[in-house]
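Structure first, then comments.
The values are calculated or read from the model by the stated rules, or taken from the named source; none is laboratory data. What you see is a predicted model, and the numbers here were worked out from it, not measured in a lab. Neighbour counts are summed over all protein chains in view; Cβ atoms, including those assigned to glycine, are modelled from backbone coordinates with ideal geometry.
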Ligand SMILES: C[S@@+](CC[C@H](N)C(=O)[O-])C[C@H]1O[C@@H](n2cnc3c(N)ncnc32)[C@H](O)[C@@H]1O
């Protein structure tokens with residue numbers, strides 16, 4: 001029997017979860033029906049607009065862009081949208097979904113950094129429905145890399161399921177039922193608000209804000225303007 005991949009073997013794990021569009025959609029957000037899938041993208045866009053905002057002159061970068069669920073509605077609103085993902089299958093599906101948009105760039109990344117993206121070249125970085133699949137060090141690696149690629153005054157948005165909420169605890173208990181050997185490598189691991197706040201502040205972000213009024217942590221902050 002083939003040995004199960006480790007959680008940190010992101011490229012292997014996520015390439016295997018995105019061999020068809022429907023399989024990728026299921027692992028991205030749990031729905032395959034196109035109208036429902038698109039509606040979830042609009043919902044994420046609303047959270048971005050209410051937190052970091054998306055401006056028409058902004059260069060916007062998504063870490064772990066999947067098949068462009070969110071990129072499809074963000075790209076038409078900004079100057080350039082850069083979709084980064086560890087899985088080339090996901091990026092191929094994004095290219096197909098966003099083929100009519102001319103301001104899209106796709107970057108295959110390592111799984112723990114934004115290699116290939118220049119320092120201080122981006123206005124908004126967001127990462128949604130990804131942190132639950134990462135090891136905690138890589139959550140911080142990406143926040144720290146976001147700080148590097150953002151221009152002074154640039155904004156970051158990240159989210160995860162909140163361990164401290166009732167729904168988050170239910171997810172935790174459901175997954176605790178797996179025996180250690182049977183835990184899938186992409187299994188959800190929640191965050192606490194303190195964890196996310198700590199990463200943002202330690203990376204150097206200012207004006208760190210957070211929404212925790214449902215089962216999610218949605219956090220955002222700004223790279224200080226005076227940062228050179
Ligand atoms: C649940 S999907 C969410 C996709 C997209 N953010 C969305 O909300 O539609 C998680 C995505 O993160 C990507 N991913 C997983 N581990 C990653 C890592 N270490 N670095 C970058 N992307 C990663 C997966 O390939 C997948 O596309």
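Of the residues making up the stretch 87-107, those that are within 20 Å of residue 12 (Cα to Cα), outside any helix (DSSP H, G or I) and touching a strand residue (DSSP E or B) at 6+ places or on another chain (Cβ under 7 Å) number 2.
I'd like the full set of residues that are farther than 20 Å from residue 129 by Cβ and in a helix (DSSP H, G or I), limited to the stretch 186-210. Can you show your working first?
Taking the stretch 186-210 first, the residues farther than 20 Å from residue 129 by Cβ are 194, 198, 201-208.
Of everything in the stretch 186-210, those that are farther than 20 Å from residue 129 by Cβ and in a helix (DSSP H, G or I) turn out to be 194, 198, 201, 202, 203.
Consider the stretch 153-185. How many of its residues are crowded, with 17+ Cβ neighbours inside 10 Å, outside any helix (DSSP H, G or I) and touching a residue at least 40 places away in the same chain (Cβ under 8 Å)?
Step one: filter the stretch 153-185 for residues crowded, with 17+ Cβ neighbours inside 10 Å, giving 154-163, 165, 168, 171, 185.
Next, from what is left, pick out any that are outside any helix (DSSP H, G or I): 154-163, 165, 185.
Next, from what is left, pick out any that are touching a residue at least 40 places away in the same chain (Cβ under 8 Å): 154-162, 165, 185.
The number of residues fulfilling the criteria is 11.
In the stretch 112-133, the residue that is nearest to the chain's Cα centre (by Cα) out of those that are more than 18 Å from residue 205 (Cβ to Cβ) and surrounded by 15 or more Cβ atoms within 10 Å (Cβ to Cβ) is 129.
Which residues, counting only those in the stretch 125-141, are within 11 Å of the ligand (Cβ to nearest atom) and in a helix (DSSP H, G or I)?
Narrowing the stretch 125-141 to residues within 11 Å of the ligand (Cβ to nearest atom): 126-135, 137-139, 141.
Answer for the stretch 125-141, where residues must be within 11 Å of the ligand (Cβ to nearest atom) and in a helix (DSSP H, G or I): 131, 132, 133, 137, 138, 139, 141.
Residues in the stretch 93-111 that are surrounded by 18 or more Cβ atoms within 10 Å (Cβ to Cβ) and within 16 Å of the chain's Cα centre (by Cα): 4 in all. When you scan the stretch 39-59, do you find a residue that is at negative phi, within 11 Å of the ligand (Cβ to nearest atom), touching a strand residue (DSSP E or B) at 6+ places or on another chain (Cβ under 8 Å) and assigned to a loop (DSSP other than H, G, I, E, B), even just one? Checked the stretch 39-59: no residue is at negative phi, within 11 Å of the ligand (Cβ to nearest atom), touching a strand residue (DSSP E or B) at 6+ places or on another chain (Cβ under 8 Å) and assigned to a loop (DSSP other than H, G, I, E, B).
Checking the structure you have, find out if any residue of the stretch 113-124 is touching a strand residue (DSSP E or B) at 6+ places or on another chain (Cβ under 6 Å), at pLDDT 95 or above and near the ligand (Cβ under 9 Å from one of its atoms). No: the stretch 113-124 contains no residue that is touching a strand residue (DSSP E or B) at 6+ places or on another chain (Cβ under 6 Å), at pLDDT 95 or above and near the ligand (Cβ under 9 Å from one of its atoms).
Picking from residues in the stretch 1-37 that are away from the ligand (no atom under 11 Å from the Cβ) and assigned to a helix (DSSP H, G or I), the one that is nearest to residue 92 (Cα to Cα) is 21.
Answer yes or no as to whether residue 79 is more than 20 Å from residue 28 (Cβ to Cβ) and out of contact with any helix residue (DSSP H, G or I) (no Cβ under 9 Å at 6 or more places or on another chain). Let's see the steps before the verdict.
Working: more than 20 Å from residue 28 (Cβ to Cβ): yes; out of contact with any helix residue (DSSP H, G or I) (no Cβ under 9 Å at 6 or more places or on another chain): yes.
For residue 79, the condition - more than 20 Å from residue 28 (Cβ to Cβ) and out of contact with any helix residue (DSSP H, G or I) (no Cβ under 9 Å at 6 or more places or on another chain) - is met.
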